[in-house]
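The values are calculated or read from the model by the stated rules, or taken from the named source; none is laboratory data. None of these values were measured; they are calculated from a predicted model. Here the Cβ positions follow ideal geometry from the backbone for every residue, glycine too, while neighbour counts run over all protein chains shown.
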């Protein structure tokens, strides 16, 4: 059988069966992790409280008319004015937000016992397959955390020419009439967000010389843009590198801070183009045919997408809650335990016609999560124009070769 005949029509199994046609090494493609997996705050979803839970936030309160300070002086007998100063009135405000569980599931193709009987190096192939499933769990959570944080953030900020503030919009990123007015990310925008975070009392990720340090998640390209501009170094090395990094961030490769910011690397930030006046998301991977089945490869359009997001990550903005397995609710009722974290388990369910002998099974992972809004009013996501690096081409003497 030639390589051209090596297709699903001729090899009707999930595993490669012909030992003579594969090498000793079985390879697999993986996906790099990001800070979302480690840093997203998680807890347990509360039970017996309905499918929609309200979160009550007591908002900041100050006297509506300010506080009046009066001079206190010695007064005549029977006069009590100096003992009863004029009060300012504080009115309390509360914000109620609701949230609930969302669910999803992933599963592998069905595997027949005979697929395994004839498969070459079946243990190695099953291990590679199971590792791919585990990376799918990681990929699912990473995207869920990123999507829900962006959805909840009440400061969706598009960098546009003439912008006077960094408040953004709570509902959607704005699109100016002239899209050429959307600008690249820059330190001035982060400086303004930094000051707002300080005044809002946002919890920092670390302290340096008594100064709070916040975290921004962005792509390596955006980090280079912030630190060096377009290929020109514009900051001093002694200012750029910090002497100490928060212990939660150091394992993620964070080695620097600049002007009160840790730069966390996100290899797959959300990217968009604009079509017909709307944002159109560009996904990092696209599906194409492989020798057997399909594979997912890097999307060239993702590399050239015009707009990208950077996330100012505040841990008190929200919390991701996963329910605990419900196995014995009472009255003698029992259920199999399910982790709801996307842990893949082997499932072999008897069926009178489809699986009468229990010889067909599959891997299946179940996800459930609720995103509890805590203080989404402190969360900011910045959308900006991507600027690709200038790839300088020089001759052997180091002289720039003109295009």
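So which residues in segment 151-171 are surrounded by fewer than 17 Cβ atoms within 10 Å (Cβ to Cβ) and modelled with pLDDT of 95 or more?
The answer is 151, and nothing else.
Results for (1) in contact with a strand residue (DSSP E or B) (Cβ under 9 Å, 6 or more places away or on another chain); (2) within 14 Å of residue 384 (Cα to Cα), shown as yes or no for each residue.
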{"residue": "187", "(1), (2)": "yes, yes"}
{"residue": "195", "(1), (2)": "no, no"}
{"residue": "202", "(1), (2)": "yes, no"}
{"residue": "206", "(1), (2)": "yes, no"}
{"residue": "214", "(1), (2)": "yes, no"}
{"residue": "218", "(1), (2)": "yes, yes"}
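For residue 54, indicate whether it is in a helix (DSSP H, G or I) and either touching a residue at least 24 places away in the same chain (Cβ under 8 Å) or under 20 Å from residue 341 (Cβ atoms) (or both).
no
From 143, 74, which residue is outside any loop (DSSP other than H, G, I, E, B) and either surrounded by 12 or more Cβ atoms within 10 Å (Cβ to Cβ) or without any contact (Cβ under 8 Å) to a residue 24 or more places away in the chain (or both)?
Every option except 143 fails the conditions.
Identify the residue in segment 323-363 that is touching a residue at least 60 places away in the same chain (Cβ under 8 Å) and more than 21 Å from residue 130 (Cβ to Cβ) and, among all such residues, is nearest to the chain's Cα centre (by Cα).
Here the answer is 323.
Pick out the one residue from 179, 189 that is more than 26 Å from residue 101 (Cα to Cα) and surrounded by fewer than 17 Cβ atoms within 10 Å (Cβ to Cβ).
179
For residue 366, are the conditions met, namely being within 20 Å of the chain's Cα centre (by Cα), surrounded by 19 or more Cβ atoms within 10 Å (Cβ to Cβ) and at negative phi?
Considered against the rule, which asks whether it is within 20 Å of the chain's Cα centre (by Cα), surrounded by 19 or more Cβ atoms within 10 Å (Cβ to Cβ) and at negative phi, residue 366 comes out as no.
Those residues that are at pLDDT 90 or above and crowded, with 17+ Cβ neighbours inside 10 Å, I need them from segment 343-362; list them, please.
360
In segment 266-286, what count of residues is obtained for those that are over 27 Å from residue 249 (Cα atoms), part of a loop (DSSP other than H, G, I, E, B) and touching a residue at least 60 places away in the same chain (Cβ under 8 Å)?
Counting residues in segment 266-286 that are over 27 Å from residue 249 (Cα atoms), part of a loop (DSSP other than H, G, I, E, B) and touching a residue at least 60 places away in the same chain (Cβ under 8 Å) gives 1.
Checking the conditions here, which among 41, 85, 63 is in contact with a strand residue (DSSP E or B) (Cβ under 6 Å, 6 or more places away or on another chain), more than 27 Å from residue 371 (Cα to Cα), surrounded by 10 or more Cβ atoms within 10 Å (Cβ to Cβ) and touching a residue at least 12 places away in the same chain (Cβ under 8 Å)? Spell out how you get there, then give the answer.
Details: 41 fails: more than 27 Å from residue 371 (Cα to Cα); 85 fails: in contact with a strand residue (DSSP E or B) (Cβ under 6 Å, 6 or more places away or on another chain).
After ruling out the rest, the residue left standing is 63.
Based on this model, can you work out whether residue 134 counts as under 20 Å from the mean Cα position of the chain (by Cα), surrounded by fewer than 17 Cβ atoms within 10 Å (Cβ to Cβ) and not in a loop (DSSP other than H, G, I, E, B)?
Working: under 20 Å from the mean Cα position of the chain (by Cα): yes; surrounded by fewer than 17 Cβ atoms within 10 Å (Cβ to Cβ): yes; not in a loop (DSSP other than H, G, I, E, B): yes.
So residue 134 fits the description; yes.
Collect the residues in segment 287-301 that are exposed (fewer than 14 other Cβ atoms within 10 Å of the Cβ) and either in a strand (DSSP E or B) or at negative phi (or both), keeping them in residue-number order.
287, 288, 289, 290, 291, 294, 295, 297, 298, 300, 301
Consider only pairs whose beta carbons are under 6 Å apart and that are at least six residues apart or on different chains; among these, list those whose first residue lies in segment 118-134 and is in contact (Cβ under 8 Å) with a residue 60 or more places away in the chain and at negative phi and whose second residue is surrounded by fewer than 14 Cβ atoms within 10 Å (Cβ to Cβ) and part of a helix (DSSP H, G or I).
Matching pairs, first to second residue: 120/19.
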